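Working notes, beginning with the structure itself.
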Ligand code: SF4
């Protein structure tokens, strides 16, 4: 491999991993029992691969959706197809409103999001937040790939809690997983994943807003790197990383 590989290759205890997977399935089954209408908005990132496998093999009551922002890397769309082919199931894809994009591009240019924080957030609002809200409308609970170790803001969360921003119950089955465990699960089950992770991308969203980083560099340097660190949010999960469409 000629380029930086930023994802973990660390082996983990197989028994621990199996127990965590079983716990995650139990959390999701409890959510289905409790809320009936449960949706998972997949980012198609590493955590999403684990959750998709657990849901499609063990928790069939959860619908999986994703947002195609119109600016995703081709590798992400190919991954979507590989997942569907592997499991013989369909991820429901939501798209931004065409007229809203038309107006944004007319006014700000095709890459207007580089020009100011407001324009970047406006683009994310049109391409991600609005379709996300449409995708989860009518559901009582949504699943996230949040892990406790990702930030202080996530450290105190519970696997099932109410999300005050959208009134949905928020289900976080991977809360106790480490990054090493996520990758060990992907490797152990030979699951497809985005090849951009092998090219140094820690987090993959829209192509113009994601980039490779050097090993050891802060993961946030891979997204919206031209902005101040405090403003690098997409609107789907305040103070957290993107949940869908990145
Ligand atoms: S990540 Fe970039 S291209 Fe994607 S919606 Fe946000 S600003 Fe637009």
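Any read-out appearing in this document is the output of simple, stated calculations on the displayed coordinates, not a laboratory observation. Here the structure is a predicted model, which is why all the values come from computation and not from measurement. Methodologically, a virtual Cβ is constructed for each residue, glycine included, from the backbone with ideal geometry; neighbour enumeration extends over all protein chains shown.
Data overview
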item	result
For peptides 78-84, 66-72, sequence by mean Cβ density within 10 Å, most packed first	66-72, 78-84
Segment 14-231 - percent relative contact order, Cα under 8 Å, separation 6 or more	24 percent
Sorted largest first, extent of segment 38-112 alpha carbons per principal axis (Å)	47, 25, 19
Share of Cα-Cα pairs in segment 119-213 lying beyond 20 Å, as whole percent	55 percent
For segment 172-207 and segment 117-142, distance of Cα centres in Å	23 Å
Top of 143, 25, 12 by mean-square fluctuation, Gaussian network on the chain, Cα under 10 Å	12
Length-normalised contact order for segment 1-125 - Cα pairs under 8 Å, 6+ apart - percent	18 percent
Ellipticity estimate at 222 nm from DSSP helix runs (n ≥ 4, -39,500 (n - 2.57)) divided over the chain, nearest 500	-11000 deg cm²/dmol
Segment 6-139: mean projected area of Cα convex hull, nm²	10.3 nm²
Alpha-carbon Rg/Rh ratio, for segment 14-231, with Rh computed the Kirkwood way	0.95
Pairwise label distance in nanometres, residue 82 with residue 162, each label 7 Å out on the Cα-Cβ vector	4.1 nm
